[in-house]
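The values are calculated or read from the model by the stated rules, or taken from the named source; none is laboratory data. None of the values given here were measured: they were computed from a predicted structure. Reconstructed Cβ throughout: ideal geometry from the backbone, glycine too, with neighbour counts over all protein chains shown. SASA here: full protein model, heavy atoms, side chains in, ligands and nucleic acids out. Shrake-Rupley method; radii C 1.70, N 1.55, O 1.52, S 1.80 Å.
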Amino acid sequence: MTPSIADAIISCDNVTVNYGAFAAVRNIFLDIPRHKVTAFIGPSGCGKSTVLRCFNRMNDLIESFSMKGKVLFHGQDLYGPRVDPVEVRRRIGMVFQKPNPFPKTIYENIAFGARINGFKGDMDELVETSLRRAAVWDECKDKLQESGLSLSGGQQQRLCIARAIAVEPEVILMDEPCSALDPISTLKVEETLHALKKNFTIVIVTHNMQQAVRVSDMTAFYNAVDMEGSDGMVGYLAEYNETREIFNNPKSKDTEEYVTGRFG
Amino acid sequence: MFTHKKRPWTERLVDHTFIRMTAVLASVVSLTVFGIFFTVGFQAVFQGDLSSLLPWHPDSIWQGIAAWNDEETFGVRWGAIPHFGLGFLADSSWNPVRNDYGALTPIYGTLMTSALALLLAVPLGVGTAIFLTEDFLPQKLRTTIGFMVELLAAIPSVVLGLWAMAMLNGFLAAFTPLHTHLGWLPVFGTEPGGPNLAMASLILVVMLLPIITAVSRDSLNQVPPELRQGAYAVGATRWTSIFQVLIPAAVSGIVGGAMLALGRALGETMAVTMIIGNSTNLSASWFSPSSTIASLLANQFGEADDIQVSALYYAALVLMILTFLVNICAQVIVKRLALKYD
Amino acid sequence: MTSNATNPMATTCYPPAASGLTYNPYAPRNVWNRAMNLLAALFATIAVLPLVVVTLYVLYKGGGAITPAIFTELPPAPGLSEPMGMGNAIIGTAMVTGGAALVAIPVGVGGGIYLAEVARKGWFAQSIRFGVNVLAGVPSIICGLFIYALVVNTRILWGESFSALAGSLALAVLMLPTIVKTTDEGLKLVPQELRMGALGIGASRFVTITRVVLPAAVSPIATGVVLGIARAAGETAPLIFTALFSPFWPDWASGWGLLAPTATLSVQIYNFGIMPFEPQVQLAWAASFILVVMILAANLLARWLAHFSAS
């Protein structure tokens, strides 16, 4: 059921995640294609975000987190014993559900990541380019020295996107980036995504199926089942295919019911 | 329909009385604050007790003030402030024999012990707070350590003083190399031979640590976890995000906690009195006995009379104003720097 | 700028990652990180060390001096080593601290009720809050000087000067801000629906506050009160010029012992600790032992109370 992808940048090889005794997702096999947008959809609590956060080792921050299986990035296991998670996160950036600009100026929000990664070029230029590419330059070019928190929610989120692309990662992970935004801001962020697709690989978790259709090339549908011997629901990858196929010609009944809005 | 039946008058009376009573009880707090300032100020200006405020008292100050020119018969027994003026703050002699008093030594001792203690306690306390908010250890162990540090705050000052006295020789041995090798520095200029200012500063560090740690830990815990994730997501290491994102975001609480600790250090009495040597001679060396305003009060108030009592109250007034200013600053800083982030 | 806009992948400005994703233990940032980890661990150790050392030392030195006589006898005269007791100081601490609690709890809880329930805003409430903060910052020895000038020196209490009651008043001044604050904060935690529910069925404010709101907040308030009392019990500076000290049993004829100079454990530690006589120093350690055990117990009790309220 998983299509073979020739140019995979990230691959999950039988990934199972537990939080303490609680199993979150199990047995994920998944290939993320380079320079495409891949959407993760599915009902709440099915482990979409959990899988996403495995890609840049953000789950390391959670004490009870444990993982089995492999996540390969360019064929190298991200959870290998000698891997530096800091280097992983530099190469695989992330944009969060809630806009989280640093309590610094807009300029510093962009420059921070560049500086800590040893950026040698023209910082002003980098700030402008990044803000332009995140389609937020016009709104904040006159107040670069103001706090990032002074922007509106949608602008903050695009600032966070600019912050992520300023360090030039190969992959950008987006965890429901529009769930806290109004429709107009959402549209702007989606336009930004289209522009970014050329240079970046993007993985986006979304609850909004129209959004998945609009922005993604590939779609992974996750679902959750009640497992025996485990308290609560356990997520699994139900179907993964080109977005067109998932929405027009789903293989499984669950997928069909979900994408047509019958549950979720 | 309901009729407009009034509640029984007894019930309303109880209600009103209760509300008024709480207001009265609340104003006891403000009255006490006012009373403390007034009393200490009064005793610093006049000799004699508070009852000389009463017009019918034989030594009433009003009588004396009315007969201002006739100082021989009805002289007001003026206290330390009229006697010594502001020169009190810059005069280092404290001489009960000649009744000549200046508080420079204890003021210097107060500021120096507090500054030294803060200098050591802030990095230690903030470092501990960071350690307790990072995931170095399992949560349960961290909670236990945090609780232990808080318990340290509960140990009475006088017990710490007793302990410090018992440990004195050990500390003196530790100080001696500083004197032997760095004795050319004025602050290490004298040989550590007994209770001294450095010892008092160290015991203050022990007392300030729990305050600074607790307040810093709380402010670091209040920084939204999204900020840390954001920093990590652009490739920040643990300590880059701590220094450049988490601490700046928690700075108001940390600075506020440090100011709170400073206020505490300025007024700390028992442990300092027991270990500072209570000398009123001004010395640049940290290894010399010295005194703080609070230790001066604890040490001398019992045997003082007349103008010396008033001089001690003057010193107490200085201490109160110092701690008052520090506490006001703390509140202003906390409000000013508070992070607007939700 | 424009050239970059058309060709945004100008990745040359970042140094290449020499080792790919591999952890490089010698990279400056990783060395710095490990050094800071160590430093933080070291600081935490230093912060916990005094508690462990002081507690163990007090338990060792003081625990050895605890005998039944400690509770039933008086301290020896200077130079003698018999009898070895401090029953008077134990009773004295209970009297002085108890008296302080009796004064401070009603005033503090009443003031807290006013701040939280009656006037949350307005200049008067703000000025009281300000006063609470100022009072909390007043050095404890100044509380002692204040009560000395107000009560001891004026002999306002039935002509007596130094007395247990004066000591209680000084400690009460010290406890007051803690109790007002915890009451204020404890009451604010009570959900608004509870008040509305009570007022909605026609209960008066008095009934609402005393029967509904206060009971709901009793455990945070109790926690604060227990901690306040524990702290006051160990205070020395406010007592040395108010309750003073006494080598004798309380003089029950003098206002049930409240109007005479009274020994307390904390002042005894100070007075005996600086004496050159070994029996006295030993009694100081014994008193430290009792105080520390009592205060640790009170803290555990407070923690249990807080836990109790959380569940």
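Points to keep in mind about this one:
- Gyration tensor (Cα) of chain B, equivalent ellipsoid semi-axes in angstrom: 42, 37, 17
- Annotation for the range C:135-230: trypsin sites (Lys or Arg not before Pro) lying in DSSP loop with at most 14 further Cβ atoms inside 10 Å of their Cβ are C:155.
- 10 Å Cβ shell holding at most 12 others, DSSP loop, trypsin sites (Lys or Arg not before Pro): longest site-free stretch of chain B: B:99-339
- The relative contact order of the range B:103-337 comes to 31 percent, based on Cα pairs under 8 Å that sit 6 or more residues apart.
- Magnitude of the charge dipole for chain C, about its Cα centre and with charges confined to Cβ atoms of Lys, Arg (+1) and Asp, Glu (-1), is about 1080 debye.
- Solvent-accessible area buried by C and B, counting both chains, probe 1.4 angstrom, square angstrom: 6600
- Summing charges over neighbours of residue A:129, with a neighbour being any other residue whose Cβ is under 13 Å away from its Cβ, gives -1 when K and R count +1 and D and E count -1.
- Equivalent ellipsoid of the range C:131-226: semi-axes from √(5λ) of the C-alpha gyration tensor, largest first, are 37, 15, 10 Å.
- Computed over protein heavy atoms with a 1.4 Å probe, the accessible surface of the protein assembly as shown works out to 43 Å² per residue.
- Cα-based Rg / Dmax (Å) for the range B:107-213: 16.1, 49
- Comparing Cα centroids, the range C:243-288 and the range A:145-181 end up 67 angstrom apart.
- Rounded to the nearest 100, the interface formed by chains C and A buries 2000 square angstrom of accessible surface, both chains summed, with a 1.4 Å probe.
- Estimated translational diffusion coefficient (Stokes-Einstein, Kirkwood radius over Cα pairs, 10 °C, 1.306 mPa s) of the range A:38-138: 99 µm² per second.
- Of the three principal axes defined by the Cα atoms of chain A, the extents in descending order read 56, 42, 36 Å.
- Separation between Cα centres of the range A:44-69 and the range C:13-87, rounded to whole Å: 37
- Using a 1.4 angstrom probe on protein heavy atoms only, the contact between B and A buries about 2000 square angstrom of accessible area, both sides summed.
- For the range C:16-144, alpha-carbon Rg and Dmax in angstrom: 27.5, 81
- Distant-in-sequence amide H partners of residue C:254 (H built 1.01 Å from N, under 5 Å): none
- Taken over the alpha carbons of the range C:207-299 as equal point scatterers, the Debye sum produces base-10 log I(q)/I(0) values at 0.11, 0.19 Å⁻¹ of -0.47, -0.94.
- Surface composition of the protein assembly as shown: carbon and sulfur atoms hold 63% of the protein heavy-atom accessible area at a 1.4 Å probe.
- 14 Å beta-carbon shell around residue A:83, net charge (K/R +1, D/E -1): +2
- Here is the list for the range C:146-242: chymotrypsin sites (Phe, Trp or Tyr not before Pro) lying in DSSP coil, each with at most 14 other C-beta atoms within 10 angstrom of its C-beta, are C:158.
- Above-threshold pairs, the threshold being 22 Å between Cα atoms, out of A:48/A:98; A:104/A:198; A:36/A:188; B:335/C:121; C:121/C:188; A:36/A:68: A:104/A:198; A:36/A:68
- Using only alpha carbons, the range C:68-310 has a radius of gyration to Kirkwood radius ratio (Rg to Rh) of 1.06.
- The protein assembly as shown - convex hull of the alpha-carbon atoms, volume per residue in Å³: 251
- Distance from the range C:96-144 to the range C:190-229 (C-alpha centre basis), Å: 18
- Computed helical MRE - 222 nm, chain C, DSSP H runs ≥ 4 contributing -39500 (n - 2.57), nearest 500: -20500 deg cm²/dmol
- Charge dipole of chain B (Cα centre as origin; +1 on each Lys and Arg Cβ, -1 on each Asp and Glu Cβ, all else neutral): 1600 debye, rounded to the nearest 20.
- Rounded to the nearest 20 debye, dipole of the protein assembly as shown from Cβ charges on Lys, Arg, Asp, Glu: 1880
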